[in-house]
Amino acid sequence: MDDVVLKKNRRKFQPSQLVLHVILLLWASTTIYPLVWVFNNSFKDKDIILVDSFSLINSSTSTLANYVTAFTKMNIGRSYANSLIISGSVVVLVMFFGGLAAYIIARYDFFGKKVIHASLIAALLFPAFATIVPVFMILMRLDLVNKHIGVIIPQTAGNLAFAIIILVGFMSSIPIELEESAVVEGCSPWQIFSRIVVPVSKPSFSTVAIFTFLWSYNDLFLQMVILRKRETFPISALLNEISSQYGGTDFGLMAAAVTLVIIPVLIVYLLMQQNIIKGLTAGAVKG
């Protein structure tokens, strides 16, 4: 019996797996090393970085001056708040309107349903800069330039197509018997959606929320076009300003600013990576 177990364990190990893991490790190091390099240099003075940017920090070379400057002179704290307002609002609106639209497409038959679904897929092919001129003109007429709502509305519209497609695929896989039993119990369509469909679709909603937040958080193009006042800048727009002013002179401040921008993204990925995988694979069942 022991010999059989040993043979099975030996069959599980294959040289190809070792090669694959080595390749993946090397690939990951190409991404991890630049992050470590930036984080390490964020605690150095700019003069030390110019002389030796690859040495590890120690008690004699480390300093918090770059982070102090980032929060005092650059006012990164306010930019964090602006990013939270914009990205948080976009996530809530996309999940609400995207969830309602996805439920209607997944469960109801109506004229033009296939055309609408195909149009949503086609909408993913158009980049944001292709429609920025008419969008900016509309926002100018509505007096929404230099206001957070002027970024929230276009970003919500831009993320709805992706959200609806993901949610439709997941909701289509939910057994219809669950909703039929709710109808027998006297539930209204809104109650069915809020009490049955939404709780069951949590993995898919999590995926939509995560990607929407990251895309909104990193959307420098739209933010730079709509927001012109420094007090309205989100964190990514402020980083662009810092790089243009200090990118060639103060590498320590630049590294600290990049680190502060990356931290929220890393936290979201590390905490929600399982939900991302579950939501994407579940949404690919049907649709």
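The values are calculated or read from the model by the stated rules, or taken from the named source; none is laboratory data. All of these numbers come straight from a predicted model, not from anything done at the bench. Don't worry about glycine lacking a Cβ; one is built from the backbone with ideal geometry, like all the others, and counts go over all protein chains shown.
Computed values, structure above
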read-out	value
Odd one out for residue 12, checked against (1) modelled with pLDDT of 85 or more; (2) more than 24 Å from residue 259 (Cα to Cα); (3) of a type in the set (Lys, Arg)	(1)
Residues of the stretch 26-83 satisfying the condition of being farther than 24 Å from residue 269 by Cβ and of a type in the set (Val, Ile, Thr)	48, 49, 51, 57, 61, 63, 68, 69, 72
Residues (of a type in the set (Gly, Ala, Ser) and either surrounded by fewer than 21 Cβ atoms within 10 Å (Cβ to Cβ) or at pLDDT below 90 (or both)) located in the stretch 216-243	236, 237, 243
In the stretch 165-190, the residues that are of a type in the set (A, V, I, L, M, F, W, C) and within 24 Å of residue 117 (Cβ to Cβ)	165, 166, 167, 168, 170, 171, 174, 176, 178, 190
Filter pass, residue 208 being farther than 22 Å from residue 269 by Cβ, surrounded by 17 or more Cβ atoms within 10 Å (Cβ to Cβ) and assigned by TED's automatic domain parsing to the domain that holds residue 225	no
Conditions (1) surrounded by fewer than 17 Cβ atoms within 10 Å (Cβ to Cβ); (2) within 24 Å of the chain's Cα centre (by Cα): number failed by residue 90	(1)
Yes/no for residue 265 being modelled with pLDDT of 85 or more and β-branched (Val, Ile, Thr)	no
Neighbours by Cβ (under 8 Å, 6+ apart or cross-chain): first from the stretch 180-202, at negative phi; second in a loop (DSSP other than H, G, I, E, B)	195/187; 196/187; 197/174; 200/174; 201/174
Cβ-Cβ under 8 Å pairs, at least 6 apart or on other chains, the stretch 76-95 side on the phi < 0 side of the Ramachandran plot, far side charged (D, E, K, R) and assigned to a helix (DSSP H, G or I)	78/231
